[in-house]
């Protein structure tokens, strides 16, 4: 794995295939990523592109078919038993749905304190209640809420409980899998602001997975775009949003609502043809070619590498990558 001092998480050739009646479903199919200390890496793409599978691989909830996941110089993909459990302390997860990710039969205190039961050396038994109360206070909830049950809280409060649980072991990395998609828009902003405050306070690094590009732009330092199990473009947030080079990224950005009505008529709307192919039978060559207006014969014959090209300021997996202003181009 990388020896760069500021890199806290890195994947190389990460693959996850699931068996099905129609063959191998290539949910994640060769992903190379790295996350720096204190950074937020946004991962975006349509439903079914492999984002949630990637999240589960990073925290060890799924075992990769191939590849490496480096955390603190260890390959988590090769660890088992106690070694894997200890490595998981450094990377935790906030799940998508606060209504199903909390056990309804457990009190909030038991939910937030469960990591202490799994890792009893982290906090002495006598100090666990105080530690739980401190965590609840940290995420903006009353310490007295420890004796209540999940059904007594709103969606936003439940997600705060999930965040408190993720913080319990003082991880360096938190994987946020669509953490605000199930919440009202007004509550989404509160949770995003909380995540940013916690990042500043504890020096956290986030992998922030979402399909809402506006949310991702607000919180991310860098953005990776996924399509059918592969990263097709990656770069700084400003580069991705202002200088997109992959046709898929350009199409996604063209669909983002524009608040200013004066600018809506200037938006170059890109409407993709066809449906997303099955990950069990992806197209040859470039996986996006069946929906791409730039597709040529070479796109079916050669899979484009994720690399910087002459007309691309950052890595893009397109033979014909070039900057396109989706707001002003005609």
* Would you pick out the residues in the range 135-161 that are under 19 Å from residue 200 (Cα atoms) and surrounded by fewer than 14 Cβ atoms within 10 Å (Cβ to Cβ)? -> 137
* Of the residues 158, 126, which single one is within 24 Å of residue 60 (Cβ to Cβ) and part of a helix (DSSP H, G or I)? -> 158
* Are there any pairs, at least 6 apart or on different chains, whose C-beta atoms fall under 7 Å, with the first in the range 122-147 and without any contact (Cβ under 8 Å) to a residue 60 or more places away in the chain and the second outside any helix (DSSP H, G or I), and if so, which? -> 122/169; 131/123; 135/168; 136/142; 146/107; 147/107
* Residue check: is residue 63 under 30 Å from residue 305 (Cα atoms) and crowded, with 20+ Cβ neighbours inside 10 Å? -> no
* Asked: Quick one: in the range 106-121, which of the residues that are free of Cβ contacts under 8 Å to residues at least 40 places away in the same chain and not in a helix (DSSP H, G or I) is surrounded by the fewest Cβ atoms within 10 Å (Cβ to Cβ)?
  -> 121
* Asked: Of these, 168, 164, 87, which one is in contact with a helix residue (DSSP H, G or I) (Cβ under 7 Å, 6 or more places away or on another chain), without any contact (Cβ under 8 Å) to a residue 40 or more places away in the chain and closer than 26 Å to residue 41 by Cα?
  -> 87
* Structure fact -> Scanning the range 218-243 for residues that are buried (at least 19 other Cβ atoms within 10 Å of the Cβ), in contact with a helix residue (DSSP H, G or I) (Cβ under 9 Å, 6 or more places away or on another chain) and either in the same structural domain as residue 15 (by TED's automatic domain parsing) or within 19 Å of residue 40 (Cβ to Cβ) (or both) gives 219, 220, 222, 223, 224, 225, 226, 233, 234, 240, 241
* Consider residue 175 carefully, then state whether it is touching a strand residue (DSSP E or B) at 6+ places or on another chain (Cβ under 8 Å), touching a residue at least 60 places away in the same chain (Cβ under 8 Å) and within 25 Å of residue 56 (Cα to Cα). => yes
* Positions within the range 1-38 being assigned to a loop (DSSP other than H, G, I, E, B) and in contact with a helix residue (DSSP H, G or I) (Cβ under 9 Å, 6 or more places away or on another chain), in sequence order -> 38
* To do: Grab the helices (runs of 4 or more DSSP H) fully contained in the range 172-260, keeping just those with 2 or more residues being within 21 Å of residue 323 (Cα to Cα).
  => 213-219, 237-242, 247-254
* To do: Answer with yes or no whether residue 184 is surrounded by fewer than 23 Cβ atoms within 10 Å (Cβ to Cβ) and not assigned by TED's automatic domain parsing to the domain that holds residue 307.
  => yes
* What single numbered condition from (1) assigned to a strand (DSSP E or B); (2) in contact with a helix residue (DSSP H, G or I) (Cβ under 6 Å, 6 or more places away or on another chain) fails to hold for residue 41? -> (2)
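The values are calculated or read from the model by the stated rules, or taken from the named source; none is laboratory data. What you see is a predicted model; the values in this text were computed from it and never measured. No Cβ is skipped: glycine too gets one built from the backbone with ideal geometry, and neighbour counts run over all protein chains shown.
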